[in-house]
Amino acid sequence: MNALASKRFAGASPESRSVLSVSGDGLSSRNFDLLSRYIYDYSGIKMPSAKKTMLEGRLRRRLRFVGIDGLDPYCDYLFNDGGLETEAIHLIDAVTTNKTDFFREPTHFDHLTNKALPDLVAKGHRRLRVWSSACSIGAEPYTLAMVIEDFIEAKGGPDYSILATDLSTDVLRVAKRGIFSTAMIEPVDRERRKRYVMEPRDPGRGEVRIHPKLRSKVGFGRLNLMDRCYTVGDAMHVIFCRNVLIYFDKKTQEQVLSRLCDKLLPGGYLYVGHSETITGFALPVRQVANTVFQKV
């Protein structure tokens, strides 16, 4: 359990931690406030009142697995009966959004190919460490592997490894398998498909698998961007943190970005989503392209 969330609820008064009965099958206002506060403390994800119906729907799916009949008893189990000790990860898995595509926001991959990789190689880096810090089901790290493999084939180097992390254990299980629907793989052009995607013998299966050569380059692990320290090993040459900052408030965004910069080598590159900004944050980076930054 996230330390801040644990401390906050452990120190709360019995009155504030109590869960009121709810009418029908919905969450009471107090239950929703309790859950949204916990989700924010644990993951940094904002859960405004407009998302109450969405939260109820996702938690109902979880109820089937834990065998609890109703959202009210589930909240009581979480906050009064110690259920968070085992249920916290599953709760967060249920509420996280994991929108992802291959070659999403393609200008980033163009920049990586034409600017970042040549620059890093010119500076003498012969083994690159790349981090996909919100990897979802794996489309981003596997896209990165395709792009870097293309560069290696054309330029003769460098070697590389990709670390792919996410808060959700559910999406990490999918990502590790490297199996995707044929519809999801459509953004990958035909030449890359020939080299990096394995087609099934039976086309009717409607799915493909990423080639073992690429899968061997990507290591997956669970990481919460709200943690105060990122245990990811040596500093990174490239970090992708795209389309996750939008779920955080400004204070949390700056904290996360600061910790990411701590794990970025001087001269390394940070990519954020096209709808995200770091304007006004005190970070050791300079902008080199749209939503692309280099550590100084």
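The values are calculated or read from the model by the stated rules, or taken from the named source; none is laboratory data. Quick caveat, the model's predicted, so the values are computed rather than measured. Because the Cβ atoms are built from the backbone with ideal geometry, glycine has one as well, and the counts that use them run over all protein chains shown.
Among the numbered criteria (1) under 21 Å from the mean Cα position of the chain (by Cα); (2) more than 20 Å from D101 (Cβ to Cβ); (3) of a type outside the set (A, V, I, L, M, F, W, C); (4) crowded, with 16+ Cβ neighbours inside 10 Å, which single criterion is violated by T231?
(4)
Kindly provide the set of residues from region 163-206 that are over 23 Å from the mean Cα position of the chain (by Cα) and of a type in the set (D, E), ordered by number.
Across region 163-206, the qualifying residues are D189, E191, E199, D202.
Output the residue which, of all residues in region 240-251 that are within 12 Å of the chain's Cα centre (by Cα) and touching a residue at least 40 places away in the same chain (Cβ under 8 Å), is surrounded by the most Cβ atoms within 10 Å (Cβ to Cβ).
F240
For (1) outside the structural domain of A289 (by TED's automatic domain parsing); (2) assigned to a helix (DSSP H, G or I); (3) of a type in the set (S, T, Y); (4) modelled with pLDDT under 85, each residue gets a yes or a no:
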{"position": "S23", "(1), (2), (3), (4)": "yes, no, yes, yes"}
{"position": "F32", "(1), (2), (3), (4)": "yes, yes, no, no"}
{"position": "T53", "(1), (2), (3), (4)": "yes, yes, yes, no"}
{"position": "R64", "(1), (2), (3), (4)": "yes, yes, no, yes"}
{"position": "Y77", "(1), (2), (3), (4)": "yes, yes, yes, no"}
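Evaluate region 85-96: report whether one residue or more is at pLDDT below 85, in contact with a strand residue (DSSP E or B) (Cβ under 9 Å, 6 or more places away or on another chain) and in a loop (DSSP other than H, G, I, E, B).
So far as region 85-96 goes, yes, one or more of its residues are at pLDDT below 85, in contact with a strand residue (DSSP E or B) (Cβ under 9 Å, 6 or more places away or on another chain) and in a loop (DSSP other than H, G, I, E, B).
Per-residue answers, yes or no, for (1) of a type in the set (D, E, K, R); (2) at pLDDT below 85; (3) more than 24 Å from I246 (Cβ to Cβ):
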residue	(1), (2), (3)
R37	yes, no, no
G44	no, no, no
A50	no, no, no
I68	no, no, yes
